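**Q** Here's a structure for you.
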Amino acid sequence: MVSDHKIRVRLEAAPDRSYDIIVKPGVLNDVPGFLKAQWKGKNIYLITDSHVAPLYGAGLLRGFAREGMNARLFEIPAGEASKREAIIHSLYGKLLAAGVRRDSLIIALGGGVVGDVAGFVAATILRGIRYIQIPTSLLAQVDSSVGGKVGIDHRSGKNLIGAFHQPVAVYADPSVLGTLPDIEFRNGLAEVVKIAAALDASLFERIERDAVTILQKSPGVLARVVKDAAGLKASVVESDEFETGLRKSLNVGHTIGHALEAVSDYTLKHGMAVAAGTVLESMIAVEMGILDRANFDRLIHLLQTLRLPVAPPKVAKKKKFFSALSVDKKSEGGRPRFVLLNAIGSCVVGIDVPAELIRKVIAR
Ligand SMILES: NC(=O)c1ccc[n+]([C@@H]2O[C@H](COP(=O)([O-])OP(=O)(O)OC[C@H]3O[C@@H](n4cnc5c(N)ncnc54)[C@H](O)[C@@H]3O)[C@@H](O)[C@H]2O)c1
Ligand SMILES: [Zn+2]
């Protein structure tokens, strides 16, 4: 359900775990006041990374101090390398030493890495305590902060250790995207295009129309795009919290995207891999007669306007690429299953694509 600034995530399986996502420029400054009313007397542990701490962490701590609330900040190094066991254990140690209790609150302030790490700590410490997401990257605002998937990487692969643990609230402030590096911003835009292409033709049209102001990070335009994209993800999560069916529609572009990331040894950014993956998977859809050419051209045009990649990166030519494809989490019996666009704003799941066709499309 969506109101002006608020999206209510109503979880079918467990209404008592339902929560709000607030998307509003400036909401970051309101968080201490909001929590003052709800969390009186309880300890707050703010987890953030080394880039976000000086930008927004210190200010948020001052906000809590002004409200007379007891909040402490813990910083992890910025970057994917922090999604590992050693970081989790170090946070367990610090939180336990600081007196964390079952009624304490964790706040994840940062991009998807902080959200996944702090969320996983919240899911597991003392058998699980409550946490709030304050996503500060575009990717985190439209994607990773919504849905309750939390976790870390393992040397055998990304995101292999984790849990489903829903936050009690998400506060997304589009004005913090002003400090986000350009590459990170476009990384998030790729997910916005993906979700619009998969589920919402009218959002896709609006992105086409507003592409220039989006790239200029105009806060008002961004707030609407973030709210709509996060709202789409929320509506999928509402009916499929544990990813058994509908949530698979979020995997457009990700079957090939994940394989591209893996063969690049994760030097390729996720969003860039997803953009290229969406293009390649859509070429497959065109070849299979599932998607028409005009819609494919619209997709390419929008990605180009947003300065996202439309051609496969060099790593797609590597032999390892095909083995990476079949170990994708969405594969069944060792064969990858694709989620393919069949129009702008709609997709079909569970498509078995012949390996020959994948080779043909990559070779082009
Ligand atoms: N849980 C899920 O459902 C889900 C979904 C998608 C992705 N993810 C995970 O999310 C992670 C990627 O998230 P990400 O792209 O946000 O990466 P990230 O957390 O590494 O953030 C990207 C970079 O931007 C910096 N940053 C964040 N906000 C900033 C701001 N406002 N100003 C300046 N710098 C800022 C960070 O410090 C970092 O250097 C991956 O680990 C991925 O697996 C999880
Ligand atoms: Zn993704």
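**Q** List every residue pair whose Cβ atoms lie under 6 Å apart, where the two residues are 6 or more positions apart in sequence or sit on different chains, the first residue falls within segment 38-63 and is farther than 15 Å from Y171 by Cα, and the second residue, located anywhere, is among the acidic types (D, E).
**A** K42/D103; S50/E75; A53/E75
**Q** I've got another one for you. In the set I161, I183, I195, which member is part of a helix (DSSP H, G or I), within 14 Å of ligand 1 (Cβ to nearest atom) and open to solvent by 50 Å² or more (accessible area, probe 1.4 Å)? Lay out the reasoning, then the answer.
**A** Details: I161 fails: part of a helix (DSSP H, G or I); I195 fails: open to solvent by 50 Å² or more (accessible area, probe 1.4 Å).
Of the residues listed, the single one that is part of a helix (DSSP H, G or I), within 14 Å of ligand 1 (Cβ to nearest atom) and open to solvent by 50 Å² or more (accessible area, probe 1.4 Å) is I183.
**Q** Just one of (1) within 11 Å of ligand 1 (Cβ to nearest atom); (2) crowded, with 21+ Cβ neighbours inside 10 Å; (3) not hydrophobic (A, V, I, L, M, F, W, C); (4) not in a helix (DSSP H, G or I) trips up Y171, so point out which.
**A** Tallying (1) within 11 Å of ligand 1 (Cβ to nearest atom); (2) crowded, with 21+ Cβ neighbours inside 10 Å; (3) not hydrophobic (A, V, I, L, M, F, W, C); (4) not in a helix (DSSP H, G or I), Y171 fails exactly one: (1).
**Q** Find the residue count for segment 103-126, including only residues that are open to solvent by 10 Å² or more (accessible area, probe 1.4 Å) and more than 10 Å from ligand 1 (Cβ to nearest atom).
**A** 4
**Q** I'd like to verify a number: residues in segment 255-286 that are touching a residue at least 12 places away in the same chain (Cβ under 8 Å) and surrounded by fewer than 15 Cβ atoms within 10 Å (Cβ to Cβ), how many?
**A** Residues of segment 255-286 that are touching a residue at least 12 places away in the same chain (Cβ under 8 Å), as a first pass: 255-264, 266, 268-285.
Right, trim to surrounded by fewer than 15 Cβ atoms within 10 Å (Cβ to Cβ) and you get 266.
Total meeting the criteria: 1.
**Q** Which condition breaks for V252 when tested against (1) out of contact with any Cys (no Cβ under 9 Å at 6 or more places or on another chain); (2) in contact (Cβ under 8 Å) with a residue 12 or more places away in the chain; (3) of a type outside the set (S, T, N, Q)?
**A** (1)
**Q** Then there's this: If we scan segment 29-40, do we find a residue that is exposed (fewer than 12 other Cβ atoms within 10 Å of the Cβ), within 15 Å of ligand 1 (Cβ to nearest atom) and modelled with pLDDT of 95 or more?
**A** Scanning segment 29-40 turns up no residue that is exposed (fewer than 12 other Cβ atoms within 10 Å of the Cβ), within 15 Å of ligand 1 (Cβ to nearest atom) and modelled with pLDDT of 95 or more.
**Q** Shifting gears a bit: Tell me, which residue of segment 127-151 that is assigned to a strand (DSSP E or B) and either farther than 25 Å from L177 by Cβ or open to solvent by 30 Å² or more (accessible area, probe 1.4 Å) (or both) is nearest to ligand 2 (Cβ to nearest atom)? Don't jump to the end; show me each part of the working.
**A** First, pick out the residues of segment 127-151 that are assigned to a strand (DSSP E or B): 130-135, 149-151.
If we keep only those that are either farther than 25 Å from L177 by Cβ or open to solvent by 30 Å² or more (accessible area, probe 1.4 Å) (or both) as well, we get 130, 149.
Details: R130: 26, K149: 11 Å.
Out of the qualifying residues, it is K149.
**Q** Counting only residues that are within 16 Å of ligand 2 (Cβ to nearest atom) and touching a strand residue (DSSP E or B) at 6+ places or on another chain (Cβ under 6 Å), give me the helices (runs of 4 or more DSSP H) lying completely in segment 199-309 with at least 3 of them. Before the answer, list the steps.
**A** Numbers: elements: 201-215, 219-239, 254-263, 270-287, 293-305.
Qualifying helices (runs of 4 or more DSSP H): 219-239.
The values are calculated or read from the model by the stated rules, or taken from the named source; none is laboratory data. Everything quoted here is computed from the prediction, not taken from an experiment. Every residue, glycine as well, gets a Cβ built from its backbone with ideal geometry; the counts of neighbours run over all protein chains shown. Ligands, DNA and RNA are excluded from the accessible area calculation, which covers all protein heavy atoms including side chains. Shrake-Rupley method; radii C 1.70, N 1.55, O 1.52, S 1.80 Å.
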